[in-house]
Amino acid sequence: MDCKAHASKESTMPEKPMEEVMMDAAVGAHFSGRRFSPLSTPAASPLSAKASQLQSPQYSSSAAVDAPKQPFVIGVSGGTASGKTTVCDMIIQQLHDHRVVCVNQDSFYRGLTAEESVHVQDYNFDHPDAIDTEQLLECMGKLKSGYSVNVPIYDFKSHRRSSESFRKVNASDVIILEGILVFHDARVREMMDMKIFVDTDADIRLARRIRRDTVERGRDMNSVLEQYGRFVKPAFDDFVLPSKKYADVIIPRGGENHVAIDLIVQHIQTKLGQHDLCKIYSNVHVIQSTFQIRGMHTLIRDRNITTPDFVFYSDRLIRLVVEHGLGHLPFSEKQVVTPTGSVYMGVDFCKKLCGVSIVRSGESMENALRACCKGIKIGKILIHRVGDNGKQLIYEKLPKDISERHVLLLDPVLGTGNSANQAIQLLIEKGVPESRIIFLNLISAPEGIHCVCQRFPSLKIVTSEIDAGLNEEFRVIPGLGEFGDRYFGTDN
């Protein structure tokens, strides 16, 4: 993204009070996907129970619930007086529904020694060595882990840190790290989810620098110009400008580029609304949560609900998942004439489509699929557990031309991922391209998502909620029990 505009002035970052309103979670109990260690790619045979048990401590439900949600970290860099602070202010203002803090790299300047203070005119504040990068890393690491930190306060007149006061920064949804050299150190860059470079004309930056240093920092114009020529411009050419290549987004002329900032804010809001696993696997899609969806989940998860009510609200949720899954199919443009004689340019549905249910709980999703896709063919796959060592394919009945179709694989609960992997492997052996498989389910466990996505990274998973994890019996927690028994009325 390379967007253009102009910033008239650079404002000072205000102390923003911490909002106490937590972000309304898009899914139930959030499980931080970044806490998982990568699983090895499953072999052709399913994961054994023993292997799953070795991984179970990582996926304990209590740990999942207690795990802090990872904040979204944004780095904002650019030359001196380029408008970085203005951009940060605008992002903070538009993210008013979230807790946002800004950490300025200038707070981590090293305090000058007595000798350096005497010859302050010869000290290069724009060199990476002027920054206490280790303390910056320590503070950012704590913030990313959900802890509050005390950020030092640097006095630009005495060139020392205040020994009596500091700025307390609390854990937040979004952390903005701003400074001319924040992209210089690779360790700092690796902490960032988004990197923004504010690119402004050198003459404009110099004019802003003169105004800022003379008004706010008590310096005379001659010293400002001398410092700019000796240190600021060479450091920009040597350290700041080369770091521009690491930026994800470049905003020429800074704060008045409302289009660029709006797009950035939209991207951040999208990421904040995603479950952490969706950030790891772009092929995992969780339908947007609403009070209606959370209410229906509350009902079907209640162990005291009657079977007719369980079926009714499960069908409503399944219909939403199916509709969302159909939205990931390819469409072609189609022009029709309306009853008023007008021309309407719309889209035509994908013709080559079929459903495949994993017997037997997957059969509960067939009616919703038929209601959305008239006359759709539906195949069956039956996979049976063999002791504690995995699952075995017992039966399959699939359309003969399935290799030519897009496949909607149906199973309301994704637990360990063993059954799903067996079914997906069978479809691929029948000639179905992996990218043409969409796996639809009501709830998913993080273990199952890891298992399926690492083995089949090209298929899509569509679910209505990602739960906390699996318990020692490999049941989804908090889960909704044995779905097939509850749906078909065969539970006790």
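The values are calculated or read from the model by the stated rules, or taken from the named source; none is laboratory data. All of these numbers come straight from a predicted model, not from anything done at the bench. Note: ideal-geometry Cβ built from the backbone for every residue, glycine included; neighbour counts use all protein chains shown.
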Checklist entry - From Phe231, Phe236, which residue is in a helix (DSSP H, G or I), at pLDDT 90 or above, farther than 27 Å from Ala445 by Cβ and in contact with a Gly (Cβ under 7 Å, 6 or more places away or on another chain)? => result Phe236
Checklist outcome for this item: Contact list, first residue from segment 162-185 and among the basic types (Lys, Arg), second anywhere and part of a strand (DSSP E or B), beta-carbon distance below 8 Å, six or more apart or interchain, is Arg167/Asn150; Arg167/Val151; Arg167/Pro152; Arg167/Ile153; Lys168/Val149; Lys168/Asn150; Lys168/Val151
Checklist entry - For Lys397, are the conditions met, namely being more than 25 Å from Val286 (Cβ to Cβ) and in contact with an Asp or Glu (Cβ under 9 Å, 6 or more places away or on another chain)? => result no
Next on the checklist: Residues that are in a loop (DSSP other than H, G, I, E, B) and over 18 Å from Phe72 (Cβ atoms): does segment 252-261 have at least one?
Outcome noted: yes
Checklist entry - What number goes with the only condition from (1) free of Cβ contacts under 8 Å to residues at least 40 places away in the same chain; (2) surrounded by 15 or more Cβ atoms within 10 Å (Cβ to Cβ) that Tyr154 does not pass? => result (1)
Item to check | Every pair of residues 6+ apart whose Cβ atoms lie under 7 Å, when the first sits in segment 353-379 and is assigned to a loop (DSSP other than H, G, I, E, B) while the second is hydrophobic (A, V, I, L, M, F, W, C) and surrounded by fewer than 16 Cβ atoms within 10 Å (Cβ to Cβ) | outcome: none
Next on the checklist: Test of understanding: among Val73, Val103, which residue is under 30 Å from Asp467 (Cα atoms), of a type in the set (A, V, I, L, M) and assigned by TED's automatic domain parsing to the domain that holds Asp201?
Outcome noted: Val73
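Conditions tested, residue by residue: (1) surrounded by 11 or more Cβ atoms within 10 Å (Cβ to Cβ); (2) among the aromatic types (Phe, Trp, Tyr).
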site	(1), (2)
Ile300	yes, no
Ile305	yes, no
Phe310	yes, yes
Gln335	no, no
Tyr344	no, yes
Ile358	yes, no
Checklist outcome for this item: Those residues of segment 269-297 that are outside any helix (DSSP H, G or I), under 17 Å from Arg319 (Cβ atoms) and in contact (Cβ under 8 Å) with a residue 12 or more places away in the chain come to a total of 5
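Which members of segment 299-333 meet the condition of being in a helix (DSSP H, G or I), more than 17 Å from Thr463 (Cβ to Cβ) and without any contact (Cβ under 8 Å) to a residue 24 or more places away in the chain?
Leu299, Pro308, Asp309, Phe312
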